[in-house]
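These notes concern the structure reproduced below.
No value in this document is a laboratory result; all are computed from the given coordinates. Not measured: the values here are computed from a predicted model. In this analysis, Cβ positions are derived from the backbone assuming ideal geometry, glycine residues included, and neighbour counts consider all displayed protein chains.
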Amino acid sequence: MKRATRKFMPGEHAEDALEAGAAIAATGRGLLFTQLGEAIMSIDAAIAVRDHYLWFFDQIRARNLPAHVSVKPTQLGLDLSFAECERHLQA
């Protein structure tokens, strides 16, 4: 990870973002998390992204972080199936 981007992208993994987020939250600031990437190519990939989002929400709650998450419908299969994407958003 380049030093110039580390402030905005603290690492390659969700755990890196959660750890950096906890440090930022300790200073009284809020957080916004986003998962990089766009459209996926299969329903299985959309399910994996949904499961990742659900795990991430659980981690935010467990750590009591003042956070928002940018959810991208295209990562949840919007381009493949509106109904499937809608199910993932309601999970």
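The table below gives the values:
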{"quantity": "Helix-only CD estimate at 222 nm, as mean residue ellipticity for the chain, using -39500 (n - 2.57) per DSSP H run (n ≥ 4)", "calculated": "-15500 deg cm²/dmol"}
{"quantity": "The range 46-91: C-alpha gyration tensor shape, a/c 1.5 cut-off, then a/b vs b/c", "calculated": "prolate"}
{"quantity": "Label-point separation in nm, GLN90 to THR27, each point 7 Å along Cα→Cβ", "calculated": "4.1"}
{"quantity": "Ranking of ASP79, ASP58 by count of other Cβ atoms within 10 Å, fewest first", "calculated": "ASP58, ASP79"}
{"quantity": "Options (1) 6.1; (2) 6.8; (3) 5.5 - which one matches mean projected area of the Cα convex hull in nm² as calculated here", "calculated": "(1)"}
{"quantity": "Positive-end extreme of charge dipole, the range 3-90 - chosen from PRO73, GLY21, GLN90 (charges on Cβ)", "calculated": "GLY21"}
